[in-house]
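Just so it is clear, none of the values below were taken in a lab; they were calculated from the coordinates. In this text, all values refer to a predicted model and were calculated from it rather than measured experimentally. Here Cβ is always computed from backbone atoms with ideal geometry, including for glycine, and neighbour counts include all displayed protein chains.
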Amino acid sequence: MSNSQKDGIYTIGLALFFFTLAITVTIFASYPIFHFDIGHYFLDQEANMSSSRLMHNYNQMMYYLINPFDWHWHLDDFRSSLSGRTHFEDCKKLFMLNFAVLIISGIYVWLNRKKRAYYNKVFLYIAIVGVILAALMVVDFDDFFVIFHKILFRNNDWLFDASLDPIIDVLPEEFFTQCFVLFFVLFEGLNIYKYFQKK
């Protein structure tokens with residue numbers, strides 16, 4: 001394998017690391033975001049429970065999604081349908097894939113950081129694509145959200161029925177918008193920084 005090929009693989013690995021890092025930071029930042037949204041959008045009133053109790057259920061949901069050893073879906077105060085549980089299991093698999101790629105790409109980049117050069121223009125192109133996607137999200141978040149789910153999921157289990165899966169009532173569009181905005185800010189920032197960083 002030539003040095004240019006090795007540099008290309010390193011660049012891809014670095015791009016994957018940035019992508020999964022931005023996702024991971026957003027996942028964990030969702031805790032304070034949701035805590036803020038409880039009060040700002042009166043989600044506790046929507047759920048007819050205290051804010052601390054609602055946060056407890058959110059913590060249960062996230063613990064299930066981020067813990068590779070917990071495959072038992074359960075929320076103390078929200079019932080779930082079979083399709084709802086299936087969707088959260090699909091989400092968990094994506095979370096696990098993201099964490100795996102983050103770890104593998106992170107180790108690879110770290111071990112080769114002083115040996116390999118990277119094609120810095122690639123990160124400019126990635127940033128441009130990110131700006132386009134972010135603009136599409138701003139123009140029509142509903143369609144963006146639908147397309148996002150159709151790409152990631154092969155079924156329609158993500159189309160929640162609030163009467164069967166009331167958890168969707170306390171996960172408003174604004175919450176997902178905030179998470180997407182944070183992801184794009186982080187991802188764009190990392191790529192732009194790497195583009196301008198001196199080799």
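Numbers below:
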{"read-out": "Residue identified as assigned to a helix (DSSP H, G or I) and of a type in the set (D, E, K, R) among Asp157, Asp161, Asp142", "value": "Asp142"}
{"read-out": "Which numbered condition Gln178 fails, given (1) free of Cβ contacts under 8 Å to residues at least 12 places away in the same chain; (2) closer than 28 Å to His74 by Cα", "value": "(1)"}
{"read-out": "Residue pairs meeting the criteria (Cβ under 7 Å; at least 6 apart or on separate chains; first in contact (Cβ under 8 Å) with a residue 40 or more places away in the chain, in the range 106-120; second hydrophobic (A, V, I, L, M, F, W, C))", "value": "Gly106/Phe17; Val109/Leu14; Val109/Phe17; Tyr118/Leu14"}
{"read-out": "Qualifying residue in the range 49-64 (condition: within 24 Å of Asn191 (Cβ to Cβ) and of a type in the set (Lys, Arg))", "value": "no"}
{"read-out": "So Tyr125, is it part of a helix (DSSP H, G or I), surrounded by fewer than 18 Cβ atoms within 10 Å (Cβ to Cβ) and over 18 Å from the mean Cα position of the chain (by Cα)", "value": "yes"}
